[in-house]
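This report concerns only the one structure given below.
The values are calculated or read from the model by the stated rules, or taken from the named source; none is laboratory data. Owing to the predicted nature of the structure, the values given are computational and were not obtained by experimental measurement. Reconstructed Cβ throughout: ideal geometry from the backbone, glycine too, with neighbour counts over all protein chains shown. Ligands, DNA and RNA are stripped out before the accessible areas are found, and what is left, the full protein with its side chains, is counted by its heavy atoms. Shrake-Rupley method; radii C 1.70, N 1.55, O 1.52, S 1.80 Å.
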Amino acid sequence: MSLSVQFLSLLSMIGTGIVSAAFIDMIKIATSHAGRKSVIKRYAVLLEVIGWVIVGCWTFYILFLVRDGAWRIYDPFAQLSGLLLYVSFFHKPLRFLGRIILVIVIRPLWFIVRFIGLVIKRVFRLLLSGLALLFRPFVKLYHKHFRKLFIKRKK
């Protein structure tokens, strides 16, 4: 293995450490901002464990792409240095970028989805009230004339 391949793999492991720290930080932020009674808050530990498993699989995939899955002793140290790099340098800029994405992309999409859901709900409610209006005379006739036919009589 040449020195350039080793250096590339070292940089890739540092990069996976940075991305892994950002991903876990994103999960922790999402679970901490969830409501007290939300499903996300109840399963926060499970979500974080699943996040760590995803990070581990993704890291091995990157390792597999770079060095055909060959693990070296410096890989955990490179990932740890990537985690520390995220905490020391990339933490604030990536959180700022996350807030920008939240405000520009996610909130408008969430508004559109909620608006479409509200329109569908109102149309469905309007259709049901129209059907109820159509069937009201038949229900009144049933209650007035035929209801007594289906009552069980005591013997």
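See the values below:
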quantity: Pairwise Cα inverse-distance average, inverted: Kirkwood Rh of the chain (Å); calculated: 21.0
quantity: Kirkwood-based Rg to Rh ratio, the range 38-106, C-alpha trace; calculated: 1.07
quantity: Note, ³J(HN,Hα) from phi for the range 3-20, Karplus 6.51, -1.76, 1.60, rounded to Hz, x at Gly and Pro; calculated: 5, 5, 5, 5, 5, 5, 5, 5, 5, 5, 5, 5, x, 5, x, 5, 5, 5
quantity: Magnitude of the charge dipole, the range 14-95, Cβ model with Lys/Arg +1 and Asp/Glu -1, debye to 20; calculated: 460
quantity: Nearby lysines by direct alpha-carbon distance to K92 (threshold 17 angstrom, same-chain neighbours under 8 apart not counted); calculated: K28
quantity: Selected from Y142, Y74, Y86 as most flexible by GNM, with the chain as the system and alpha-carbon contacts under 10 Å; calculated: Y142
quantity: Rg to Rh, two decimals, where the range 1-87 supplies the alpha carbon set and Rh follows Kirkwood; calculated: 1.10
quantity: Choice from I120, I18, I27 showing the highest fluctuation, given a GNM over the chain with Cα pairs closer than 10 Å; calculated: I120
quantity: In sequence order, calculated HN-Hα J values of the range 69-80 (Karplus, 6.51, -1.76, 1.60; Hz; x Gly/Pro); calculated: x, 6, 9, 10, 5, 7, 4, x, 5, 5, 5, 4
quantity: Lys/Arg +1, Asp/Glu -1 at C-beta; the chain dipole; positive extreme among L128, G51, F89; calculated: L128
quantity: Helical contribution to [θ] at 222 nm, DSSP H n ≥ 4, -39,500 (n - 2.57), averaged over the chain, rounded to 500; calculated: -25500 deg cm²/dmol
quantity: Within the accessible area of the chain (1.4 Å probe), percent carbon and sulfur; calculated: 75
quantity: Average accessible area per residue (Å²) across the chain - probe 1.4 Å, nucleic acids and ligands excluded; calculated: 84
